[in-house]
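Report on the structure given below.
The values are calculated or read from the model by the stated rules, or taken from the named source; none is laboratory data. Just so it is clear, the model here is predicted, and its values are computed rather than measured. Glycine also receives a Cβ, built like all others from the backbone with ideal geometry; neighbour counts cover every protein chain displayed. Accessible surface areas use protein heavy atoms only, side chains included; no ligands, DNA or RNA. Shrake-Rupley method; radii C 1.70, N 1.55, O 1.52, S 1.80 Å.
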Amino acid sequence: MSARTVLSLVTAVTALTLVTTGCTSTKTAGSGGTEITLVTEGKLTTCTHLPYEPFQFRKGSEVVGFDVDIVDLVAKELKVTQEVVDTPFEGIQTGEDLNAGKCDLAAAGMTITPVREENLDFSGPYFDATQALIAKKGSPYTSLASLKGKKLGVQQGTTGETYAKKNGAGVETVQFEDVALLLTAVKTGQVDAAVNDNGVLFEYVRKNADLAVTTEFETGEKYGIGVRSGNTALRKEIDKVIKAARSDGRYDALYQKWFPAAPKK
Ligand code: ARG
């Protein structure tokens, strides 16, 4: 076989790979010598759903937050820059966006669940969370039972929605697309209370003294960063970076930066 035939064979194989994965094939050397394919050359593209303060939210023209900083550590390791794509949570948690090549990874304060694990792969856990209840300060809504016949706001496609529907017999759930709409509904009295992740609710009440977190549900959730099923090279790279950051103090520094009110771990 001439050198030329080999070359065109390689080209054909590459072209085929491009068609089947729908990705621009950018090879970036992962630090373990493995090759990581990114959807856009020179960028680590993150799917997230805004706002989810303090994990990801807009500050001026920038998207900032704990998750953004964690992914920046991965981008730095890969010597690329992070680009954040804001997209509805449903497409993130079903793995659809990752499969479509919309992004390389999903970092959205997303809980690792068995159902999601069937549709995408998760990094190791990087943050603990639990569901919590938010209501007007001084209100009697301190449990799901107390909300019988009342309106409880939930965020579409989230573990909070699943929890409320499963455990809130006789509670009328009202679905909201994002957490900003959900929390505004509590503030304006459109719903009596809302369920969502504790970190996000505690951040909100810190800035909105008219509301209070009235209880936590101990759901024992852990956030993971999602990658397309089978993207082991990128998943391992993320795990490696998180592990290093945990042991060299960078993780703790980010924790302090975004959760200044939390008890020191
Ligand atoms: N942790 C919850 C879940 O995984 C809520 C996540 C919502 N995140 C977001 N960026 N909107 O279902």
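What is the gain in length, in nm to one decimal, between LYS166 and ARG246 on full extension, counting 0.36 nm per residue of separation less the C-alpha to C-alpha distance?
25.3 nm
Hey, what angle do you get for helix 66-78 against the long axis of the chain, alpha-carbon based, 0 to 90 degrees rounded to 10?
10
For the chain, restrict the atom set to alpha-carbon positions and state the Rg and Dmax in Å.
Cα-based Rg and Dmax for the chain come out at 20.8, 81 Å.
Would you grab the residues whose amide H sits under 5 Å from the one on THR215? Only those 5+ places off in sequence or on another chain, please, with H modelled 1.01 Å from N.
Close amide H contacts, sequence-distant or interchain: LEU133.
Tell me, Kirkwood radius of segment 170-265 from alpha-carbon pair distances, in Å?
16.5
Work out, step by step, the length gained on full extension between ALA233 and ASP128: first 0.36 nm times the residue separation, then minus their alpha carbon distance; give nm to one decimal.
35.3 nm
Once phi is turned into ³J(HN,Hα) by the Karplus curve 6.51 cos²θ - 1.76 cosθ + 1.60 with θ = phi - 60°, what whole-Hz value does each residue of segment 184-193 show in order, with x for glycine and proline?
After applying 6.51 cos²θ - 1.76 cosθ + 1.60, I find 4, 5, 5, 4, 8, x, 5, 10, 7, 7 Hz.
Nearest 20 debye, what's the magnitude of the dipole of the chain about its Cα centre given +1 on Lys and Arg Cβ and -1 on Asp and Glu Cβ? Write out the running numbers ahead of the final one.
Details: 30 positive and 33 negative charges, 71 e Å.
The calculation lands at about 340 debye.
Binning every alpha carbon pair distance of segment 43-104 at 10 Å from zero, what are the percents per bin?
Final binned percentages: 23, 53, 24, 0.
With both bridge residues required to lie in the chain, what share of the DSSP beta bridges run antiparallel, to the nearest 5%?
Working: 26 of 41 bridges.
Antiparallel: roughly 65 percent of the beta bridges in the chain.
Please report the carbon-and-sulfur percent of the accessible area for the chain; probe 1.4 Å, protein heavy atoms only, DNA, RNA and ligands left out.
Carbon plus sulfur share of accessible area: 54 percent.
With runs of 4+ DSSP H residues as the only contributors, calculate the mean residue ellipticity of the chain at 222 nm using -39,500 (n - 2.57) per run, divided by the residue total and rounded to the nearest 500.
Rounded to the nearest 500, it is -11500 deg cm²/dmol.
Among ALA212, LEU147, GLN93, which residue has its Cα furthest toward the positive end of the charge dipole of the chain, with +1 on Lys/Arg Cβ and -1 on Asp/Glu Cβ?
ALA212
Under 5 Å between amide hydrogens, which residues at least 5 positions from PHE55 or on another chain qualify, with H placed 1.01 Å from N in the peptide plane?
Under 5 Å from the amide H of PHE55 lie the amide H atoms of PHE66, each far enough along the sequence or on another chain.
Using only the heavy atoms of the protein chains and a 1.4 Å probe, how would GLU203, GLU118 rank by accessible area, largest first?
GLU118, GLU203
Which residues' amide hydrogens lie under 5 Å from the amide hydrogen of GLN82, considering only partners 5 or more residues apart or on another chain, with H built in the peptide plane?
It is LEU44, by chain and number.
What list of ³J(HN,Hα) couplings, whole Hz, do you get for segment 93-108 from phi and the Karplus terms 6.51, -1.76, 1.60, once you set θ to phi - 60° and write x for glycine and proline?
6, 8, x, 4, 5, 5, 5, 7, x, 6, 7, 7, 8, 10, 10, 8
Got a sec to turn the phi values of segment 212-224 into Karplus ³J(HN,Hα) couplings, 6.51 cos²θ - 1.76 cosθ + 1.60 with θ = phi - 60°, whole Hz, x for Gly and Pro?
So the J values, rounded to whole Hz, are 9, 7, 9, 6, 10, 9, 6, 7, x, 8, 10, 7, x.
Quick one: helix 232-248 against the long Cα principal axis of the chain, what's the angle to the nearest 10°, folded into 0 to 90?
60
Sorted by packing (mean other beta-carbon atoms within 10 Å per residue), highest first, where do 41-48, 83-90 land?
41-48, 83-90
For segment 202-249, what percent of Cα pairs sit more than 12 Å apart?
Summing the P(r) of segment 202-249 above 12 Å gives 76 percent of all pairs.
Tell me which lysines have Cα within less than 30 Å of LYS165's Cα, excluding those fewer than 8 residues away on the same chain?
Partners within reach: LYS136, LYS137, LYS148, LYS150, LYS151, LYS187, LYS207, LYS222.
Relative to a virtual label point 7 Å from the Cα of LYS76 in the Cα→beta-carbon direction, which members of segment 220-236 show backbone nitrogen distances below 20 Å?
Within reach of a label on LYS76: 225, 234-236.
Order of 100-109, 211-220 by packing, highest average Cβ count within 10 Å first?
Ranking, from highest mean packing down: 100-109, 211-220.
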